[in-house]
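**Student:** Quick one: structure below, then a few questions.
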């Protein structure tokens, strides 16, 4: 019986090892976990962001804003609400930006211009355009639909999963494919490189610093680089908090003209 027990234990161990190996090579599971860590930590959140934008000639400008986020309820990573209030530079101070992110469809976006007291619905057809004049795209901020690409696991190293992502609709984007390095320790995408149709890497996004905040892995310093022009944007995230209990009414058209001050104030 003792030998039989050892045999059962060995079978169980081999089965567990095989399951772990299968999971480690399941590219859909890998990209799903990485996407969750990058964009869905907590049920809601607040952060203050500072962007240092440098063009190819070395000229610099700063953007500062506070961002509120809330996930829609659902069994999986679902739609999200965003509300952004700008504080710098002075010409955009108190400008408000509202987004309803839709998985698999175009987002809904509104902009409030305080100088004109105007709420303007803006085009959402192209997520791959500059976010407030930076080298980050709207899609970098809110995330790209996992169903938009074919995923291929290129490498499984001691530290990273390296995944190649090829668009199912090549005419909808400016890249041929992009490659993501996902940290095995925390599932954070630490580097993304975009390759054009000529086979040249022309754009890179990096998570330069990742911290544990409220139990969640969080990228607190990120850099987007345009390798063609030499320009880049460095983003620093501060005063980050999760699961703060943001009510649904925060993310309304009314909040564009009358921002919910208690949620934008630092606590």
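Laboratory data are not the source of any read-out in this text; all were calculated from the coordinates shown. Computed from a predicted model, the values in this text were never measured in an experiment. FYI the Cβ positions are ideal-geometry reconstructions off the backbone, even for glycines, and counts take in every protein chain you see.
**Student:** When 164, 127, 101, 265 are ordered from fewest to most other Cβ atoms inside 10 Å of their Cβ, what list results?
**Tutor:** 265, 164, 127, 101
**Student:** Still on this structure, I have one more. Going by how many other Cβ atoms sit within 10 Å of their own, how do 174, 253 line up, fewest first?
**Tutor:** 253, 174
**Student:** Using a Gaussian network model of the chain whose springs link C-alpha atoms within less than 10 Å, name the residue from 154, 68, 256 with the highest mean-square fluctuation.
**Tutor:** Taking springs between Cα atoms under 10 Å, the residue moving most is 154.
**Student:** I've got another one for you. Compute the acute angle (0 to 90°) between the alpha-carbon long axis of helix 27-39 and the principal axis of greatest extent of the alpha-carbon atoms of the chain; round to the nearest 10°.
**Tutor:** That helix lies at roughly 40 degrees to the long axis.
**Student:** How many nm is it between the label spots at residue 113 and residue 155, if each spot is 7 Å from the Cα in line with the beta carbon?
**Tutor:** 4.8 nm
**Student:** For the stretch 120-193, compute Rh as the Kirkwood radius over C-alpha pairs and then the Stokes-Einstein diffusion coefficient at 20 °C and 1.002 mPa s; write the answer in µm²/s, rounded to an integer.
**Tutor:** It comes out at roughly 156 µm²/s.
**Student:** Distance between the C-alpha centers of the stretch 204-266 and the stretch 124-187? Whole Å please.
**Tutor:** 19 Å
**Student:** I would also like to ask the following. Could you work out which residue, out of 132, 99, 31, moves most in a Gaussian network model of the chain, that is, has the largest mean-square fluctuation with Cα springs under 10 Å?
**Tutor:** In the Gaussian network model the winner is 132.
**Student:** Say each of residue 64 and residue 106 gets a label point 7 Å from the Cα, pointing the same way as Cα to Cβ; how far apart are those two points in nm?
**Tutor:** Those two pseudo-labels are separated by 3.5 nm.
**Student:** Quick one: the Cα spread of the chain along its three principal axes, in angstroms, biggest first?
**Tutor:** 83, 46, 31
**Student:** Also: For the stretch 212-256, list residues with backbone N below 13 Å from a point placed 7 Å from the Cα of residue 87 toward its Cβ?
**Tutor:** 237-240
**Student:** Helix 2-24: angle to the longest alpha-carbon principal axis of the chain, degrees 0 to 90, nearest 10?
**Tutor:** 30 degrees
**Student:** When the Debye formula is applied to the Cα atoms of the stretch 27-90, each taken as the same point scatterer, what base-10 log of I(q)/I(0) results at q = 0.18, 0.21 Å⁻¹?
**Tutor:** The Cα Debye sum returns log10 ratios of -0.79, -0.88.
**Student:** Calculate the spin-label point distance for residue 55 paired with residue 208, positioning each point 7 Å from the Cα along the beta-carbon direction, and give it in nanometres.
**Tutor:** Spacing of the two 7 Å Cα→Cβ label points: 2.1 nm.
**Student:** Can you tell which of 153, 116, 246 shows the greatest fluctuation in a Gaussian network model of the chain with Cα springs below 10 Å?
**Tutor:** With Cα springs under 10 Å in the chain, the top fluctuation among 153, 116, 246 is at 116.
**Student:** Kindly provide the pair-distance distribution of the stretch 70-149 built from C-alpha pairs, with 5 Å bins from 0 and whole-percent values in order of increasing distance.
**Tutor:** Bin by bin from 0 Å, the calculated values are 3, 13, 22, 25, 18, 10, 5, 2, 0.
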